[in-house]
Amino acid sequence: MAKYTSFDDILNIHTELHTTFRSGKTKPYAWRHHQLLQLARFAQDNAAALAECLRLDLGRAKQEVLMGDVIPVISRSLLAAEQLEAWMAPEKVQLCAPWEEGYSASVERHPKGVVLIISPWNFPIILSLQPLYTAIAAGCCALIKPSELSHHTSSFLAQTLHKYIDPSAYRVVLGGIPETTMVLELKWDHICYTGNARVARIVSAAAAKHLTPLTLELGGKSPVIIDATNPPKTSPPPSPITLPLAARRILLGKTLNAGQICIAPDYILAPRAIIPELVRALREAYTAFYPLRPSRGAANVGVGEGGGGEEQGEEEGEEGGGEGGALKTDSLGSIISDTHFERLKALLRATRGTIVLGGNWDGKTRWMEPTVVVDVEEGDVLLDEEIFGPILPIVAVDSMDDAIAFVNRREHPLVSYIFSNDEEFKRKFISSTTSGSVWIGDTFQQVGVSQVPFGGIGESGHGRQSMKAGFDEFTYARGVVDIPPESEPFLAGRYPPYTAESTGR
Ligand code: NAD
C-alpha cells in the first residue's frame, strides 16, 4: 500500500494547483481536449491492472470492472472531447427591449478554478475519474482524494495517473480522515463529494467556511415499485414488463458489486397478491445467475425458507451455515470491510422479516449471499438506513397509492425504479413523488445513459454530474454584455443632474 500524503505535501500540491490554474494553462480548448484523450488512454492501457486492483479491494469480477468503470471512463472522456467545443461555445442571448438595440449579450461558461474531488470506496475508479473528466473539460485543475478503504485502487491512481495527464494540474492525494480533514481546511473553488450523508455534513460545514460551492453525490434508499395490477393499456400493446423480466433486472441491480452501489434497488414495494409469484421469479433468476446452488436460506440467521420463521439460532464461527455453507461463485463480489460486513449481518439478525432466498455468509472472505426477505413491514431495520449490501426486502402494499404514500413518507431517494405497463401510473408516480432520477423498466443500466444528468435531491445529495451536466457544475455562467457607443442616444436621459420631476422632490 502506498504511503499517505504528508500534510506538507498536501499544502504544496494545493499551492501548485492554484498556481497552475492562475497561469491559464488549463483553459485552452486544445489543452483540455488533449488531457481528455490522455485520460481515456490511461483507462485503456491500464484496464487489466485496474481490474486487478478492484479484485483485491472488492473481489469484483473483471467484467463488472470493465462494464462499470473502465469502459465508461474511456467512452465518456472521448465523448467529452468530441463535444467539448460545443460545450465551451458562448451562448448568444436574444434581447428584445427597445433600449437594448445594438447591445451584444452572451453567456460564457468559465472554469471555477481548482476542484476537490473526494470519492468513496465502492466505485473508486469511475467515481474519481468521472468528476475528473468533467473538471478537465471545464478547464479546471483538480485534486482527487480517493477512499482509503479501496486502497489498492487508490494507490494505483496515485502512482499512475500522472504518467498520462499533467500533474501540475491534476493530482491524487492519499489518506484517511486526518488527511481529508486537513484537505478540507484549505480553500477550493468547488468540492465534489461522493459518499455517505453523515460525512457530507462534515464536508458541507468545511465548504461553508470558505463559501465553496458543493456537489454532494449521496445515497439513500432507492425503492423499486412493481405495478403488476394493470395490463398494458396502449394499443397496439408494447411488450409488457413481465415479473420474470423484472426479477432478473432487479436481482442484477442488487447483486452487482454485492449491492454496494448508491443506485442499488434498496427495497421492493409490490402488491400483496403478486409477492409469491415475484419470489418465484426471483428464485428462477437467482438459480440462473448462480447455478451452483442457491442457498435455501437462513441457517445463520435463524429464519427458514418460505416464511417458516424457524428459529435455528446462530452457528459457531464465521463460516456461513446451512447445508455446505454459503454459496460460492466468482460472479459475486465481497463486502468491503469487517465493519460493513458486521453491519449487514446485524441487519439480517435483527429483521423481523422472512428470508426466502440466500441468508448465508462466509466471514473469511466477507461474502454474503444475495438475500431476499419478505414480510418486511414499516419499522423493520431493513427499512431504516440504506442497506448497501446484497439484501433485498420486499414490502407488501395494498394499492399503488399506498406505494406512492410509502415513498413520500421517507427521505427523497437518489433513484426511484418503476416496473409497470401502465403509462398513467408511471406519469402519476413521477408527478407525485420526488427523487434524483426515475428509472423505468430496469435497474442500474440507466446510469450508462451519460447524456442525462445524474444526482440526488435532499438527503440523496445535490448538484448534477455526467457529461454536460458535470461541465456546467464545474464552470459558472458568466454574463458578458457589450454596450456600444451608438446606444448613447437611448441612454442620455440617465445622467445627472436630474430634473425636479425625476428626483420626485
Ligand atoms: P467512504 O467511507 O470511502 O467515504 C467517502 C470519502 O469520505 C472517502 O474519501 C473518505 O476518506 C472520506 N471520509 C470518510 N470519513 C470522513 C470524515 N470524517 N471526514 C472527512 N472525510 C471523510 O465511502 P462511504 O461514505 O461509505 O460511501 C458509501 C456511500 O456513498 C453510500 O451512502 C452510497 O450510497 C454513497 N454513494 C453515492 C454515489 C452517488 O453517485 N450518488 C456513488 C457512490 C456511493
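The values are calculated or read from the model by the stated rules, or taken from the named source; none is laboratory data. The shown structure was predicted, so the numbers you read here are calculated from the model rather than taken from an experiment. Every residue, glycine as well, gets a Cβ built from its backbone with ideal geometry; the counts of neighbours run over all protein chains shown.
A few points about this structure:
- Taken across the stretch 447-470, residues that are on the phi > 0 side of the Ramachandran plot and assigned to a strand (DSSP E or B) do occur, with at least one present.
- Contacts under 6 angstrom Cβ, first residue in the stretch 141-159 being buried (at least 24 other Cβ atoms within 10 Å of the Cβ), partner part of a helix (DSSP H, G or I) and small (G, A, S), 6 or more apart: A142/A135; I144/S128; P146/S128; P146/S154
- In the stretch 415-456, the residue that is farthest from P131 (Cα to Cα) out of those that are aliphatic (A, V, I, L, M) and free of Cβ contacts under 8 Å to residues at least 40 places away in the same chain is I430.
- Going through (1) farther than 24 Å from V449 by Cα; (2) more than 12 Å from the ligand (Cβ to nearest atom) one by one, I71 falls short only on (1).
- Selection within the stretch 19-40 - in contact with a Phe, Trp or Tyr (Cβ under 8 Å, 6 or more places away or on another chain) and within 26 Å of S75 (Cβ to Cβ): Q35, L36, Q38, L39
- Condition check for L95: within 16 Å of the ligand (Cβ to nearest atom) and either assigned to a helix (DSSP H, G or I) or more than 25 Å from the chain's Cα centre (by Cα) (or both): no
- Residues of the stretch 193-210 that are outside any helix (DSSP H, G or I), under 20 Å from the mean Cα position of the chain (by Cα) and either more than 29 Å from R32 (Cβ to Cβ) or more than 10 Å from the ligand (Cβ to nearest atom) (or both): N196 alone.
- Residues (within 14 Å of the ligand (Cβ to nearest atom), aliphatic (A, V, I, L, M) and part of a helix (DSSP H, G or I)) located in the stretch 133-164: L157, A158
- Look at (1) in a strand (DSSP E or B); (2) more than 16 Å from the ligand (Cβ to nearest atom) and you find that V438 fails only one, number (2).
- Selected residue (only one of A86, A80 is surrounded by fewer than 17 Cβ atoms within 10 Å (Cβ to Cβ), of a type outside the set (V, I, T) and part of a helix (DSSP H, G or I)): A86
- Test: S331 is hydroxyl-bearing (S, T, Y), within 16 Å of the ligand (Cβ to nearest atom) and at pLDDT below 95: no
- Test for E100: is it more than 27 Å from G253 (Cα to Cα), surrounded by fewer than 18 Cβ atoms within 10 Å (Cβ to Cβ) and away from the ligand (no atom under 16 Å from the Cβ): yes
- Selection status of D57, assigned to a helix (DSSP H, G or I) and more than 25 Å from the chain's Cα centre (by Cα): no
- On the stretch given as the stretch 251-278, residues that are under 13 Å from A228 (Cβ atoms) and either of a type in the set (A, V, I, L, M, F, W, C) or within 13 Å of the ligand (Cβ to nearest atom) (or both) total 7.
- Subset tally (residues that are within 14 Å of W87 (Cβ to Cβ) and away from the ligand (no atom under 16 Å from the Cβ)) for the stretch 441-499: 7
- Filter pass, L184 being near the ligand (Cβ under 10 Å from one of its atoms), in a helix (DSSP H, G or I), crowded, with 21+ Cβ neighbours inside 10 Å and within 25 Å of the chain's Cα centre (by Cα): yes
- Single unsatisfied condition, P98 versus (1) modelled with pLDDT under 95; (2) within 30 Å of A40 (Cα to Cα): (2)
- Considering the stretch 165-181, the residues that are within 16 Å of the ligand (Cβ to nearest atom) and of a type in the set (S, T, N, Q) include one that is farthest from the chain's Cα centre (by Cα), namely T181.
- Q130 satisfies every condition listed in (1) within 30 Å of S147 (Cα to Cα); (2) in contact with an Asp or Glu (Cβ under 9 Å, 6 or more places away or on another chain) except (2).
- Subset of the stretch 20-49 [in a helix (DSSP H, G or I) and small (G, A, S)]: S23, A30, A40, A43, A47, A48, A49
- Test result for A197, small (G, A, S) and at pLDDT 95 or above: yes
- The condition (being β-branched (V, I, T) and over 23 Å from E217 (Cα atoms)) is satisfied by just one residue among V107, V65, V70, V115: V107.
- Considering the stretch 401-421, the residues that are out of contact with any strand residue (DSSP E or B) (no Cβ under 6 Å at 6 or more places or on another chain) and assigned to a loop (DSSP other than H, G, I, E, B) include one that is modelled with the lowest pLDDT, namely N421.
- Residue list for the stretch 103-132, filter: β-branched (V, I, T) and more than 16 Å from the ligand (Cβ to nearest atom): V107, V114
- Matching entry among L344, L392 (being over 17 Å from R60 (Cα atoms), among the hydrophobic types (A, V, I, L, M, F, W, C), surrounded by fewer than 24 Cβ atoms within 10 Å (Cβ to Cβ) and under 23 Å from the mean Cα position of the chain (by Cα)): L344
- Flag if F42 is surrounded by 20 or more Cβ atoms within 10 Å (Cβ to Cβ) and in contact with a helix residue (DSSP H, G or I) (Cβ under 7 Å, 6 or more places away or on another chain): yes
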